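Worksheet: the structure to be examined is printed underneath.
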Amino acid sequence: MKKIPTFSPSSVLEHIENITRKARGSSLRDGFLITIQKSTKVVGEFLGCQAIEAFMFATIFSLNFRSQYVDIEDLILISIIVSTL
């Protein structure tokens, strides 16, 4: 039976914040994913997804707090950025 990881909600939120804070100033340069590897692993394990999906989730999650909604243009931009990583 698969062991379900246990994380506190505040820990997951801290890792989401870490991902978005580091993404903001990084210009998503080579090596960026290495700097957020621990955080994407924690978020990914919590959500049951891969690291790149955890990065996308954290980005969309953060966008939702900065505006009233995330529209299709935001999602297209994120997918373009992720495809270049």
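The values are calculated or read from the model by the stated rules, or taken from the named source; none is laboratory data. Keep in mind that this is a model prediction, so the values were computed, not measured. We place every Cβ from the backbone using ideal geometry, glycine too, and count neighbours over all the protein chains shown.
Being at pLDDT 80 or above and at positive phi, is that true of even one residue in the range 44-60? Yes, the conditions are met somewhere in the range 44-60. Within the range 5-31, residues that are surrounded by 14 or more Cβ atoms within 10 Å (Cβ to Cβ) and modelled with pLDDT of 90 or more reach partners that are of a type in the set (A, V, I, L, M, F, W, C) and in a loop (DSSP other than H, G, I, E, B) with beta carbons closer than 7 Å, at six or more positions or on different chains, in the pairs N18/I36; I19/I36.
Determine if the range 50-68 includes at least one residue that is of a type outside the set (S, T, N, Q), in a loop (DSSP other than H, G, I, E, B) and more than 9 Å from the chain's Cα centre (by Cα). First the steps, then the outcome.
Of the residues in the range 50-68, the ones of a type outside the set (S, T, N, Q) are 51-58, 60-61, 63, 65-66.
Imposing the further condition that a residue be in a loop (DSSP other than H, G, I, E, B) reduces the set to none.
No, the range 50-68 contains no residue that is of a type outside the set (S, T, N, Q), in a loop (DSSP other than H, G, I, E, B) and more than 9 Å from the chain's Cα centre (by Cα).
Among the residues of the range 14-49, count how many are among the hydroxyl-bearing types (S, T, Y) and not in a helix (DSSP H, G or I). Spell out how you get there, then give the answer.
First pass over the range 14-49, keeping only residues among the hydroxyl-bearing types (S, T, Y): 20, 26-27, 35, 39-40.
Subset that is not in a helix (DSSP H, G or I): 26-27.
Here the count works out to 2.
Here I34 fulfils each of the conditions (1) modelled with pLDDT under 90; (2) closer than 19 Å to I80 by Cβ apart from (2).
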